[in-house]
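Report on the following structure.
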Amino acid sequence: MAAIYSLYIINKSGGLIYYKNYGSAGRMDTNDTLRVASLWHSMHAISQQLSPVSGCSGIELLQADTFDLHCFQSLTGTKFFAVCEPGTQQIESLLKYVYELYTDYVLKNPFYEIEMPIQCELFDMNLTQSVQKDRVALLGQ
Amino acid sequence: MIGVGKVKQYGNVLDKPLNKGKTEVSLSAFAFLFSELVQYNQTQVDNIGELERRLEDAGYAVGARVLELLCHRDKGNRRETRLLGILSFVHSTVWKVLFGKVADSLEKGTEHEDEYMISEKELLVNKFISIPKDMGTFNCGAFVAGIVRGVLDGAGFPAVVTAHFVPMEGQQRPRTTILIKFAEEVLLREARLG
């Protein structure tokens with residue numbers, strides 16, 4: 001069964017601004033999540049340089065034997081990536097939807113400072129609702 | 001032919017007709033503008049009470065102008081003199097023009113004679129705003145409270161208007177209530193009119 005394990009959002013300088021864990025396995029403490037975020041940010045940047053043809057926009061999918069990592073980068077450099085079970089469908093559209101929620105409930109919030117960790121109640125609520133809606137596909141339940 | 005299809009030029013801007021205008025504005029555009037308004041005022045004040053007062057004052061200016069515009073455009077220059085008349089004007093016409101729908105409910109307060117409440121499940125201005133925990137009971141609906149106060153003041157019904165969150169059982173987000181407390185003179189006048 002396909003399921004999503006975790007969701008990360010990192011700002012354009014590589015700092016982790018949002019982390020949500022859905023799986024029971026693979027729980028990490030805060031420091032580890034911060035390290036993963038900055039690691040991914042560097043790898044994403046290096047991949048753009050490694051490309052043999054110009055105009056590479058970075059890593060979109062990383063496939064390992066026990067997980068897949070899908071990454072979506074917005075035009076402003078904010079990266080949304082999700083770690084999920086191999087073969088999970090429609091993570092790309094989920095990431096784009098999370099981007100929409102981000103622009104609505106985080107960027108239009110006057111109490112949110114740009115590039116800081118996200119602590120917006122409405123964002124959390126709507127994110128939970130949308131993942132719950134696709135619970136069979138995403139949470140494996 | 002010269003001059004065909006040219007818009008009639010008015011000598012004085014006050015002679016131009018008041019057109020209906022576009023009735024729709026992008027919600028995102030308004031949300032960003034309102035967010036900036038709140039952020040700007042936050043830099044100017046030291047405490048939350050001041051911030052609420054500033055938002056209310058901003059709304060007051062809007063309310064005064066909306067009253068003039070709507071009286072001319074929608075009500076044919078007729079003036080409301082009764083309390084219920086002006087309240088239903090605010091509850092339906094003003095809300096319809098500003099937010100695209102009538103307010104959810106209009107109630108009379110049970111404890112005091114001079115209190116009325118307009119409730120809304122979720123104010124349009126608060127649609128994308130999450131108040132941080134450390135700001136307590138602050139409500140950006142103070143802007144809407146200011147608009148209502150502007151309308152009532154301009155119509156001759158001075159009142160104190162505030163916005164409150166009312167938690168509802170079974171719902172995650174609290175309802176918003178605009179509490180209107182009329183001045184003494186309004187009630188005396190209303191009683192005299194019978």
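Using only the C-alpha atoms, the convex hull of region B:126-177 corresponds to 89 Å³ per residue.
Surface burial for B against A, with a 1.4 Å probe and both sides summed, reaches about 1400 Å² of accessible area.
Counting only protein heavy atoms and a 1.4 Å probe, the protein assembly as shown has 58 square angstrom of accessible area per residue. In this simple spin-label approximation, B:Ser28 and A:Gln119 carry label points 7 Å from Cα along the Cα→Cβ vector, and these lie 2.8 nm apart.
Could you check how much of the accessible area of region B:27-193 is carbon and sulfur, as a whole percent, using a 1.4 Å probe? If you can, show how the numbers build up before the last one.
On the way: 4780 of 8800 Å².
Here it works out to 54 percent.
Working note: Karplus 6.51/-1.76/1.60 with θ = phi - 60° gives region A:82-95 the couplings 10, 9, 9, 5, x, x, 5, 8, 6, 6, 4, 5, 5, 5 Hz, where Gly and Pro are set to x. Neighbouring Cβ atoms from other chains, within 10 Å of the Cβ of residues in A:109-119, number 4 on average. With Rh defined as the Kirkwood radius, the inverse of the mean 1/r over Cα pairs, the Rg/Rh of the protein assembly as shown is 1.10.
Which shape class applies to region A:8-113: rounded if a/c is under 1.5, otherwise prolate when a/b exceeds b/c and oblate if not, where a ≥ b ≥ c are the square roots of the Cα gyration tensor eigenvalues? If you can, show how the numbers build up before the last one.
Working: a/c = 1.40, a/b = 1.10, b/c = 1.28.
It is rounded, given that a/c, with a ≥ b ≥ c, falls under 1.5.
In this structure A:His44 has an accessible area near 0 Å², from a 1.4 Å probe over the protein heavy atoms. Taking the alpha-carbon centroid of each part, what is the distance from region B:126-177 to region A:36-99 in angstrom? Centre-to-centre distance over Cα atoms comes out at 42 Å.
Please report the accessible area of B:His112 (heavy atoms, 1.4 Å probe, ligands and nucleic acids excluded) in Å², nearest 10. Approximately 80 Å² of B:His112 is accessible to the 1.4 Å probe. Taken over the Cα atoms of region B:58-194, the convex hull encloses 117 Å³ per residue.
Just to confirm the filter: which GluC sites (Glu not before Pro) across region A:64-123 are DSSP coil and have at most 15 other Cβ within 10 angstrom of their Cβ?
On the way: sites: A:Glu92, A:Glu100, A:Glu113, A:Glu115, A:Glu121; in loops: A:Glu113, A:Glu115.
Counting only loop positions with at most 15 other Cβ atoms within 10 Å, the GluC sites (Glu not before Pro) in region A:64-123 are A:Glu113, A:Glu115.
Ranked by solvent-accessible area (1.4 Å probe, protein heavy atoms only, all chains present), the residues A:Thr33, A:Thr66 order from largest to smallest as A:Thr66, A:Thr33. Accessible surface of region A:4-139, 1.4 Å probe: 54 percent of it comes from carbon and sulfur atoms.
Burial annotation for region A:65-106: residues with an accessible-area loss of at least 10 Å² between the isolated chain and the complete set of protein chains, computed on heavy atoms with a 1.4 Å probe, are A:Asp104, A:Tyr105. In the structure shown, the pairs B:Lys16/B:Lys75; A:Lys20/A:Lys108; B:Lys133/B:Lys181 are assessed against 24 Å; a Cα-Cα span above that value is assigned to B:Lys133/B:Lys181.
The values are calculated or read from the model by the stated rules, or taken from the named source; none is laboratory data. None of the values given here were measured: they were computed from a predicted structure. Note: ideal-geometry Cβ built from the backbone for every residue, glycine included; neighbour counts use all protein chains shown. In case anyone asks, the SASA skips ligands and DNA or RNA and just uses the protein heavy atoms, side chains included. Shrake-Rupley method; radii C 1.70, N 1.55, O 1.52, S 1.80 Å.
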